[in-house]
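What follows is one structure encoded as C-alpha coordinates, with my remarks underneath.
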Amino acid sequence: MIVDVHAHYHPRAYSEALSKIFPGANVGSFQPHPDTDDEEHIEARLKLMADADVRLQVLSPAAARAPYGKDEAASVSAAIAANDIYAKLVGRYPDKFKAFVTLPLPHIEASLRELKRGMDDLGMIGVNMHISALDRSVAEDEYLPIYEEMNRRNGVIFYHPCANSICSPMIADYGFGAAVGTSLEDTAIALHLIAKQIPAKYPNITFIIPHLGGPVAMLLERLDNQFSMKSRNLPEPPSVTARRFYYDTVGHGSQAALTCAWLAFGTDHIVTGSDYPVLLSFETYGETFSWINDSKIIPASDKDRILNHNVADLLKI
(Lines give C-alpha, C1' and ligand atoms only; values in the text may rest on other atoms or scores of the structure.)
Protein backbone atom coordinates (compact mmCIF):
# COMPACT_ATOMS: atom_id res chain seq x y z
CA MET A 1 0.00 0.00 0.00
CA ILE A 2 0.94 3.64 -0.50
CA VAL A 3 2.62 5.89 2.06
CA ASP A 4 1.91 9.55 1.33
CA VAL A 5 4.96 11.55 2.41
CA HIS A 6 3.43 14.92 1.49
CA ALA A 7 0.09 15.49 3.21
CA HIS A 8 -1.08 18.65 4.94
CA TYR A 9 -3.21 19.05 8.04
CA HIS A 10 -4.47 22.31 9.54
CA PRO A 11 -6.30 21.95 12.86
CA ARG A 12 -8.41 24.93 13.83
CA ALA A 13 -6.29 25.74 16.89
CA TYR A 14 -3.21 25.88 14.68
CA SER A 15 -4.89 28.19 12.17
CA GLU A 16 -5.88 30.45 15.07
CA ALA A 17 -2.28 30.49 16.31
CA LEU A 18 -1.06 31.38 12.81
CA SER A 19 -3.44 34.34 12.71
CA LYS A 20 -1.37 35.93 15.47
CA ILE A 21 1.71 35.75 13.24
CA PHE A 22 -0.10 36.84 10.06
CA PRO A 23 -2.94 39.18 11.14
CA GLY A 24 -5.61 39.44 8.48
CA ALA A 25 -4.18 36.66 6.32
CA ASN A 26 -6.31 33.74 5.21
CA VAL A 27 -4.67 30.82 6.99
CA GLY A 28 -7.77 28.66 7.31
CA SER A 29 -8.24 25.20 5.90
CA PHE A 30 -8.66 24.24 2.26
CA GLN A 31 -12.45 24.28 2.25
CA PRO A 32 -14.47 22.38 1.15
CA HIS A 33 -11.88 19.62 1.38
CA PRO A 34 -11.51 17.59 4.61
CA ASP A 35 -8.56 19.38 6.19
CA THR A 36 -9.42 20.42 9.77
CA ASP A 37 -9.56 18.42 12.99
CA ASP A 38 -13.36 18.36 12.92
CA GLU A 39 -14.40 14.76 13.49
CA GLU A 40 -16.31 14.63 10.21
CA HIS A 41 -13.20 15.85 8.37
CA ILE A 42 -10.99 13.22 9.96
CA GLU A 43 -13.47 10.50 9.06
CA ALA A 44 -13.69 11.84 5.49
CA ARG A 45 -9.89 11.92 5.22
CA LEU A 46 -9.64 8.33 6.42
CA LYS A 47 -12.23 7.25 3.86
CA LEU A 48 -10.36 9.00 1.06
CA MET A 49 -7.18 7.24 2.15
CA ALA A 50 -8.87 3.85 2.21
CA ASP A 51 -10.45 4.39 -1.22
CA ALA A 52 -7.05 5.41 -2.65
CA ASP A 53 -5.22 2.44 -1.08
CA VAL A 54 -3.16 4.85 1.02
CA ARG A 55 -1.91 3.12 4.12
CA LEU A 56 -0.52 6.18 5.88
CA GLN A 57 -0.04 9.95 5.55
CA VAL A 58 2.95 11.91 6.89
CA LEU A 59 1.64 15.29 8.04
CA SER A 60 3.09 18.79 7.68
CA PRO A 61 1.75 22.33 7.06
CA ALA A 62 1.12 23.64 3.54
CA ALA A 63 2.61 26.67 1.80
CA ALA A 64 2.02 29.96 3.64
CA ARG A 65 1.05 27.98 6.74
CA ALA A 66 4.42 27.48 8.40
CA PRO A 67 4.80 29.36 11.71
CA TYR A 68 7.61 31.57 10.46
CA GLY A 69 7.42 35.11 11.81
CA LYS A 70 9.46 37.91 13.33
CA ASP A 71 7.65 37.53 16.66
CA GLU A 72 9.46 34.61 18.29
CA ALA A 73 6.85 34.01 20.98
CA ALA A 74 4.02 33.82 18.46
CA SER A 75 6.03 31.53 16.17
CA VAL A 76 6.94 29.20 19.03
CA SER A 77 3.36 29.10 20.27
CA ALA A 78 2.06 28.18 16.81
CA ALA A 79 4.72 25.50 16.27
CA ILE A 80 3.95 23.93 19.64
CA ALA A 81 0.23 23.97 18.82
CA ALA A 82 0.85 22.27 15.49
CA ASN A 83 3.10 19.58 16.88
CA ASP A 84 0.87 18.82 19.85
CA ILE A 85 -2.21 18.43 17.67
CA TYR A 86 -0.36 16.42 15.03
CA ALA A 87 0.89 14.12 17.78
CA LYS A 88 -2.65 13.76 19.12
CA LEU A 89 -3.94 12.59 15.73
CA VAL A 90 -0.99 10.22 15.32
CA GLY A 91 -1.72 8.86 18.78
CA ARG A 92 -5.32 8.16 17.82
CA TYR A 93 -4.40 6.51 14.52
CA PRO A 94 -0.78 5.35 14.74
CA ASP A 95 -1.17 3.09 11.71
CA LYS A 96 -2.70 5.87 9.58
CA PHE A 97 -0.62 8.95 10.36
CA LYS A 98 2.92 10.05 11.17
CA ALA A 99 4.19 13.64 11.29
CA PHE A 100 7.19 15.84 10.63
CA VAL A 101 8.17 18.35 13.32
CA THR A 102 7.08 21.90 12.55
CA LEU A 103 9.76 24.45 13.53
CA PRO A 104 9.36 28.10 14.60
CA LEU A 105 11.86 29.48 12.09
CA PRO A 106 13.90 31.64 11.79
CA HIS A 107 14.42 31.34 15.55
CA ILE A 108 17.19 28.77 15.74
CA GLU A 109 17.49 28.02 19.45
CA ALA A 110 13.72 27.76 19.79
CA SER A 111 13.63 25.53 16.71
CA LEU A 112 16.27 23.22 18.16
CA ARG A 113 14.23 22.91 21.35
CA GLU A 114 11.07 22.12 19.39
CA LEU A 115 12.97 19.69 17.16
CA LYS A 116 14.13 17.78 20.24
CA ARG A 117 10.65 17.82 21.79
CA GLY A 118 8.97 16.75 18.59
CA MET A 119 11.29 13.86 17.85
CA ASP A 120 12.13 12.68 21.37
CA ASP A 121 8.88 13.32 23.25
CA LEU A 122 6.23 13.27 20.52
CA GLY A 123 7.75 10.53 18.36
CA MET A 124 7.81 12.45 15.08
CA ILE A 125 9.78 10.92 12.22
CA GLY A 126 11.60 13.93 10.77
CA VAL A 127 11.50 17.68 10.34
CA ASN A 128 9.64 19.93 7.93
CA MET A 129 11.43 23.05 6.69
CA HIS A 130 9.74 25.43 4.32
CA ILE A 131 12.19 26.55 1.67
CA SER A 132 12.63 30.05 3.03
CA ALA A 133 11.85 31.90 6.22
CA LEU A 134 11.25 35.63 6.06
CA ASP A 135 12.54 35.45 2.47
CA ARG A 136 15.90 33.90 3.37
CA SER A 137 16.78 30.43 2.14
CA VAL A 138 16.91 27.76 4.84
CA ALA A 139 20.24 26.71 3.32
CA GLU A 140 21.87 29.87 4.70
CA ASP A 141 24.56 29.52 7.34
CA GLU A 142 22.33 30.57 10.23
CA TYR A 143 20.40 27.31 9.76
CA LEU A 144 23.44 25.06 10.00
CA PRO A 145 22.75 24.14 13.66
CA ILE A 146 19.55 22.46 12.51
CA TYR A 147 21.44 20.49 9.88
CA GLU A 148 24.07 19.56 12.46
CA GLU A 149 21.39 18.21 14.79
CA MET A 150 19.57 16.32 12.05
CA ASN A 151 22.85 14.85 10.86
CA ARG A 152 23.57 13.66 14.40
CA ARG A 153 20.17 11.98 14.43
CA ASN A 154 20.45 10.45 10.94
CA GLY A 155 17.26 12.40 10.35
CA VAL A 156 14.86 13.20 7.53
CA ILE A 157 14.16 16.76 6.31
CA PHE A 158 11.10 17.31 4.17
CA TYR A 159 11.10 20.66 2.36
CA HIS A 160 8.08 22.60 1.15
CA PRO A 161 7.60 25.89 -0.72
CA CYS A 162 6.51 28.88 1.32
CA ALA A 163 4.65 30.48 -1.65
CA ASN A 164 6.55 33.78 -1.83
CA SER A 165 6.81 33.74 -5.65
CA ILE A 166 10.53 33.08 -5.16
CA CYS A 167 10.82 36.75 -4.12
CA SER A 168 10.44 37.77 -7.75
CA PRO A 169 8.02 40.35 -9.18
CA MET A 170 8.57 38.60 -12.52
CA ILE A 171 6.57 35.72 -11.02
CA ALA A 172 4.30 37.52 -8.55
CA ASP A 173 3.24 40.40 -10.81
CA TYR A 174 2.08 37.96 -13.47
CA GLY A 175 0.12 35.76 -11.08
CA PHE A 176 2.36 32.70 -11.41
CA GLY A 177 3.03 32.22 -7.68
CA ALA A 178 1.17 28.93 -7.27
CA ALA A 179 1.51 27.62 -10.82
CA VAL A 180 5.24 28.23 -11.24
CA GLY A 181 6.76 29.99 -8.24
CA THR A 182 6.40 27.01 -5.93
CA SER A 183 8.17 24.70 -8.37
CA LEU A 184 10.97 27.23 -8.73
CA GLU A 185 11.28 27.21 -4.94
CA ASP A 186 11.74 23.43 -5.08
CA THR A 187 14.53 23.85 -7.60
CA ALA A 188 16.05 26.69 -5.58
CA ILE A 189 16.41 24.64 -2.41
CA ALA A 190 18.04 21.79 -4.34
CA LEU A 191 20.48 24.26 -5.88
CA HIS A 192 21.15 26.05 -2.59
CA LEU A 193 21.91 22.76 -0.83
CA ILE A 194 24.32 21.89 -3.65
CA ALA A 195 25.99 25.30 -3.64
CA LYS A 196 26.40 25.33 0.15
CA GLN A 197 27.69 21.71 0.07
CA ILE A 198 25.24 20.78 2.81
CA PRO A 199 24.80 17.12 1.75
CA ALA A 200 28.59 16.66 1.81
CA LYS A 201 28.90 18.31 5.22
CA TYR A 202 25.91 16.45 6.68
CA PRO A 203 25.87 13.07 4.91
CA ASN A 204 23.58 11.37 7.41
CA ILE A 205 20.54 13.48 6.51
CA THR A 206 17.86 12.24 4.13
CA PHE A 207 16.60 15.19 2.05
CA ILE A 208 13.11 15.07 0.46
CA ILE A 209 12.16 17.75 -2.08
CA PRO A 210 8.54 18.00 -3.27
CA HIS A 211 6.84 18.31 -6.65
CA LEU A 212 9.38 16.17 -8.54
CA GLY A 213 11.99 18.81 -7.71
CA GLY A 214 10.52 21.39 -10.05
CA PRO A 215 12.60 21.84 -13.22
CA VAL A 216 15.89 20.72 -11.65
CA ALA A 217 15.61 17.30 -13.35
CA MET A 218 16.07 19.02 -16.71
CA LEU A 219 19.14 20.95 -15.61
CA LEU A 220 21.60 18.34 -14.34
CA GLU A 221 23.94 18.30 -17.34
CA ARG A 222 23.80 22.07 -17.64
CA LEU A 223 24.69 22.38 -13.97
CA ASP A 224 27.66 20.08 -14.42
CA ASN A 225 28.87 22.25 -17.28
CA GLN A 226 28.13 25.73 -15.98
CA PHE A 227 28.13 25.26 -12.18
CA SER A 228 30.93 22.75 -12.20
CA MET A 229 33.01 21.13 -9.49
CA LYS A 230 36.09 22.95 -10.75
CA SER A 231 34.55 26.40 -11.04
CA ARG A 232 32.77 26.22 -7.67
CA ASN A 233 35.14 24.06 -5.65
CA LEU A 234 32.46 21.42 -5.13
CA PRO A 235 33.22 17.94 -3.77
CA GLU A 236 31.33 16.26 -6.63
CA PRO A 237 29.40 17.22 -9.77
CA PRO A 238 26.06 18.95 -9.02
CA SER A 239 24.20 16.15 -10.81
CA VAL A 240 25.64 13.61 -8.38
CA THR A 241 24.52 15.63 -5.35
CA ALA A 242 21.06 16.18 -6.88
CA ARG A 243 20.69 12.42 -7.21
CA ARG A 244 21.29 12.03 -3.49
CA PHE A 245 18.00 13.79 -2.77
CA TYR A 246 14.54 12.20 -2.86
CA TYR A 247 11.69 13.76 -4.83
CA ASP A 248 7.98 13.28 -4.30
CA THR A 249 5.51 12.52 -7.07
CA VAL A 250 3.27 15.60 -6.85
CA GLY A 251 3.15 16.46 -10.55
CA HIS A 252 -0.45 17.35 -11.43
CA GLY A 253 -0.63 14.28 -13.67
CA SER A 254 2.23 15.32 -15.95
CA GLN A 255 3.70 12.19 -17.54
CA ALA A 256 6.48 14.31 -19.02
CA ALA A 257 7.52 15.59 -15.59
CA LEU A 258 7.34 12.13 -14.02
CA THR A 259 9.36 10.55 -16.84
CA CYS A 260 11.98 13.28 -16.66
CA ALA A 261 12.38 12.85 -12.89
CA TRP A 262 12.51 9.07 -13.21
CA LEU A 263 15.23 9.31 -15.87
CA ALA A 264 17.16 12.00 -13.99
CA PHE A 265 17.03 10.69 -10.42
CA GLY A 266 16.31 6.97 -10.71
CA THR A 267 13.45 4.82 -9.49
CA ASP A 268 14.66 4.54 -5.90
CA HIS A 269 14.72 8.31 -5.40
CA ILE A 270 11.08 8.96 -6.37
CA VAL A 271 8.68 8.83 -3.41
CA THR A 272 4.89 9.07 -3.29
CA GLY A 273 3.28 12.34 -2.21
CA SER A 274 -0.08 13.99 -2.81
CA ASP A 275 0.06 17.60 -1.54
CA TYR A 276 -3.22 16.68 0.20
CA PRO A 277 -5.69 18.39 0.06
CA VAL A 278 -4.46 20.89 -2.56
CA LEU A 279 -4.93 18.69 -5.63
CA LEU A 280 -8.44 17.65 -4.59
CA SER A 281 -9.55 20.78 -6.44
CA PHE A 282 -8.33 19.18 -9.68
CA GLU A 283 -8.43 15.40 -9.25
CA THR A 284 -9.53 12.73 -6.81
CA TYR A 285 -7.18 11.57 -4.09
CA GLY A 286 -6.92 8.21 -5.81
CA GLU A 287 -5.97 9.84 -9.12
CA THR A 288 -3.10 11.62 -7.36
CA PHE A 289 -1.40 8.22 -7.26
CA SER A 290 -3.07 6.14 -9.99
CA TRP A 291 -1.71 8.38 -12.74
CA ILE A 292 1.73 6.94 -12.04
CA ASN A 293 0.50 3.56 -13.29
CA ASP A 294 -0.63 5.24 -16.51
CA SER A 295 2.98 5.72 -17.61
CA LYS A 296 3.71 4.00 -20.91
CA ILE A 297 7.47 4.37 -20.38
CA ILE A 298 8.24 3.45 -16.77
CA PRO A 299 8.38 -0.35 -16.29
CA ALA A 300 5.73 -1.97 -14.11
CA SER A 301 8.34 -3.08 -11.57
CA ASP A 302 9.57 0.51 -11.19
CA LYS A 303 6.03 1.85 -10.81
CA ASP A 304 5.40 -0.73 -8.08
CA ARG A 305 8.63 0.30 -6.35
CA ILE A 306 7.64 3.97 -6.43
CA LEU A 307 4.04 3.42 -5.34
CA ASN A 308 4.38 0.72 -2.72
CA HIS A 309 7.90 0.51 -1.34
CA ASN A 310 10.18 3.57 -1.56
CA VAL A 311 8.66 5.74 1.19
CA ALA A 312 8.12 2.86 3.59
CA ASP A 313 11.74 1.73 3.14
CA LEU A 314 13.11 5.27 3.36
CA LEU A 315 11.22 6.20 6.54
CA LYS A 316 11.42 2.69 8.02
CA ILE A 317 7.64 2.54 8.35
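The values are calculated or read from the model by the stated rules, or taken from the named source; none is laboratory data. Quick caveat: nothing in here was measured; it's all calculated off a predicted structure. Ideal geometry is used to build each Cβ from the backbone, glycine not excepted, and the neighbour counts take in all protein chains shown. All accessible areas refer to the heavy atoms of the entire protein, side chains included, with ligands and DNA or RNA removed. Shrake-Rupley method; radii C 1.70, N 1.55, O 1.52, S 1.80 Å.
How high is the relative contact order of the chain? Use alpha-carbon pairs under 8 Å, at least six apart in sequence, and give a whole percent. Normalised by residue count, the contact order of the chain is 18 percent.
Projecting the Cα positions of Ala73, Ala87, Pro61 onto the charge dipole of region 1-102 (unit charges on Cβ atoms of Lys, Arg, Asp and Glu, taken about the Cα centre) puts Ala73 furthest along the positive direction. For the peptides 264-277, 27-40, 10-23, the ranking by packing is 264-277, 10-23, 27-40, with the highest mean count of neighbouring Cβ atoms within 10 Å listed first. Principal axis analysis of the Cα atoms in region 34-76 yields extents of 42, 18, 14 Å, listed in decreasing size.
When the convex hull of its Cα atoms is viewed from all sides, region 107-159 shows a mean projected area of 3.4 nm². Between region 174-229 and region 5-81, how many Å separate their Cα centres? About 26 Å separates the Cα centre of region 174-229 from the one of region 5-81. Summing charges over neighbours of Arg305, with a neighbour being any other residue whose Cβ is under 14 Å away from its Cβ, gives -3 when K and R count +1 and D and E count -1.
Basic side chains Lys and Arg get +1 at the Cβ, acidic Asp and Glu get -1 at the Cβ, and with that the dipole of the chain about its Cα centre reaches some 680 debye. Taking Cβ atoms as reference points and 15 Å as the exclusive limit, the residues near Asp51 contribute a net charge of -1, counting Lys and Arg as +1 and Asp and Glu as -1. The length gained by stretching the chain between Ser301 and Lys47 to full extension, at 0.36 nm per residue less their Cα-Cα distance, is 88.7 nm. When the scattering of region 160-208 is computed by the Debye formula from its Cα atoms alone, each counted once and equally, what is log10 I(q)/I(0) at q = 0.32 Å⁻¹? Scattering profile of region 160-208, log10 relative to I(0): -1.10. Taking each DSSP H run with n ≥ 4 as -39500 (n - 2.57) and averaging over every residue of the chain yields -12000 deg cm²/dmol at 222 nm. Using the Cβ of Val156 as centre and a radius below 12 Å, the other residues enclosed give a net charge of +3, where K and R count +1 and D and E count -1.
With +1 on each Lys and Arg Cβ and -1 on each Asp and Glu Cβ, and nothing else charged, work out how big the dipole of region 14-76 is about its Cα centre, in Debye to the nearest 20.
300 debye
Figure note: Met119, Met170 ranked by solvent-accessible area, largest first, 1.4 Å probe, ligands and nucleic acids not counted: Met170, Met119. Need one word for the chain: rounded, prolate or oblate. Basis is the Cα gyration tensor (sqrt eigenvalues a ≥ b ≥ c); a/c below 1.5 gives rounded, then a/b vs b/c decides. Rounded. Computed over the alpha carbons of region 1-147, Rg followed by Dmax gives 14.9, 44 Å. Once the chain from Tyr93 to Glu236 is taken as fully extended at 0.36 nm per residue, the excess over their C-alpha distance is 47.2 nm.
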